[in-house]
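Let me begin by presenting the structure, written as structure tokens, before commenting on it.
The values are calculated or read from the model by the stated rules, or taken from the named source; none is laboratory data. These numbers come from a predicted model, not from an experiment. So basically every Cβ, Gly included, is an ideal-geometry build from the backbone, and we count neighbours across all protein chains shown. What goes into the accessible areas is simple: the full protein's heavy atoms, side chains included, and nothing from ligands, DNA or RNA. Shrake-Rupley method; radii C 1.70, N 1.55, O 1.52, S 1.80 Å.
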Amino acid sequence: MAEKPRLKLPKEAKKGEIIEIKTLMPHVMESGQRKDKDGKTIPRRIINKFTAEFNGKPVFSATIEPAVAANPYLQFTAKVEESGTFKFSWTDDDGSIITAEEKITVA
Amino acid sequence: MRNMTRRAALAVGAGAVTLTVVGWNQGAHAAAKEAADDVAKFTGGKAATQGKITIELPEIAENGNTVPLTVSVDAPMTAENYVSDVLVVSEGNPNPGVVTFHFTPLSGKAEAQTRIRLAATQNIVVVAKTSKGEFYAAQKQVKVTIGGCGG
């Protein structure tokens, strides 16, 4: 549960540059389709939402269904015009939200 | 409603239609219809134009449990004209929904990559919505050797 997300993005960028951001959240992503050995359906439990914002403004988000593989990986881009902080969040089916932050210096 | 989805299915294009004609089996047929329903909900019944979208998927996925998928849409991504939402649906999984990407002008590019589960050989349908209310669609077939989704 208390797994930490993995993030990969540059620490520095030029003003107006489009940077690449890679994120990976360790999670089983139980689809709700599988059955246990007694034939009972294993309840669904996935990360259903991901958001990324920069200095409080939305950059990218995703609505996630059980068809996204375990340890959901998302790669996307962001155009940076100023130094600041990226905030990422992953919402679990159980209501918990995992967050992470990363700073970038833009010159 | 039924009519609308059928029209939407046609709008989504050749891939979906071919699949329906070829017929495969009942399961795939139902899944393709559900996927078309999802697309119709997304577009509000509006027709989508083919093009502007690039779908990167392996031609043959040996393991359906994790298949890399990259979607990119050719768009200026300015405050006045950008791709806001990109819907990805499956025509051969137990549920059609896969993922929806939401972009803003701050995204810089309408491009995202993830890893998905595929239960069987099927078409993946992608529909993009722009800030101007236009819709674009594309689809790609992927052959799956071993299905995912814990089947």
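Please get the size of the charge dipole for the protein assembly as shown, origin at its Cα centre, with Cβ charges of +1 on Lys and Arg and -1 on Asp and Glu, quoted in debye to the nearest 20.
Working: 32 positive and 28 negative charges, 59 e Å.
Charge dipole, the protein assembly as shown, about its Cα centre: 280 debye, nearest 20.
Using the Cα centre of the protein assembly as shown as origin and beta-carbon charges of +1 (Lys, Arg) and -1 (Asp, Glu), tell me which of A:VAL106, A:SER83, A:ILE47 is placed farthest towards the positive end of the dipole.
Sorting the options by dipole projection puts first A:ILE47.
Across peptide B:108-121, how many C-beta atoms of other chains are within 10 Å of each residue C-beta, on average? List each step's numbers first, then the result.
Details: counts 12, 6, 3, 6, 7, 6, 12, 9, 6, 9, 2, 3, 0, 0.
Mean shielding by partner chains, rounded to a whole number: 6.
Kindly provide the helix-only [θ] at 222 nm of the protein assembly as shown, computed as the sum of -39,500 (n - 2.57) over DSSP H runs of four or more divided by all residues, to the nearest 500 deg cm²/dmol?
Details: 3 runs with 38 residues, N = 258.
-4500 deg cm²/dmol, from helical runs alone.
Roughly how many debye, to the nearest 20, is the charge dipole of chain A about its Cα centre, given +1 on each Lys and Arg Cβ, -1 on each Asp and Glu Cβ, and no other charges? Each step should come with its number before you reach the end.
Numbers: 18 positive and 16 negative charges, 38 e Å.
So the dipole magnitude of chain A works out to roughly 180 debye.
Figure the gain on full extension for A:GLU20 and A:ALA107 (residue separation times 0.36 nm, minus the Cα-Cα span) and round it to one decimal in nm.
Values: separation 87, 0.36 × 87 = 31.32 nm, distance 1.69 nm.
The span from A:GLU20 to A:ALA107 would gain 29.6 nm if fully extended.
How crowded by other chains is A:71-83, given as the mean number of beta carbons from other chains within 10 Å of each beta carbon? Please list the in-between numbers first.
Working: counts 2, 4, 6, 6, 7, 10, 10, 5, 7, 2, 1, 0, 0.
Partner Cβ neighbours, averaged per residue: 5.
Lys pairs in the stretch A:1-85, Cα-Cα under 24 Å, at least 8 apart or on separate chains: how many?
Step by step, the pairs that qualify in the stretch A:1-85 add up to 21.
How big is the charge dipole of the stretch B:50-98 about its Cα centre, in debye rounded to the nearest 20, if each Lys and Arg gets +1 on its Cβ and each Asp and Glu gets -1 on its Cβ? The partial results should precede the final answer.
On the way: 1 positive and 7 negative charges, 15 e Å.
Magnitude of the dipole: close to 80 debye.
List the GluC sites (Glu not before Pro) within the stretch B:21-129 that fall in a DSSP loop (any state other than H, G, I, E or B) and whose Cβ has at most 10 other Cβ atoms within 10 Å. Spell out each step's value before the answer.
Details: sites: B:GLU34, B:GLU56, B:GLU59, B:GLU62, B:GLU80, B:GLU91, B:GLU111; in loops: B:GLU59, B:GLU80, B:GLU91.
Here the GluC sites (Glu not before Pro) that fit, given the DSSP loop and packing criteria, are B:GLU59, B:GLU80.
If you roll a 1.4 Å probe over the protein assembly as shown with all protein chains in place, what percent of the accessible area is carbon or sulfur?
Within the protein assembly as shown, the accessible surface is 51 percent carbon and sulfur.
Per-residue Cβ counts within 10 Å, from other chains only, averaged over B:92-99: what number is that? Please list the in-between numbers first.
On the way: counts 0, 5, 5, 6, 2, 6, 6, 9.
Neighbouring Cβ atoms belonging to other protein chains average 5 per residue here.
Tell me, which longest segment in chain A has none of the GluC sites (Glu not before Pro) that fall in DSSP loops with at most 15 further Cβ atoms within 10 Å?
On the way: sites that count: A:GLU3, A:GLU81, A:GLU82.
It runs A:4-80.
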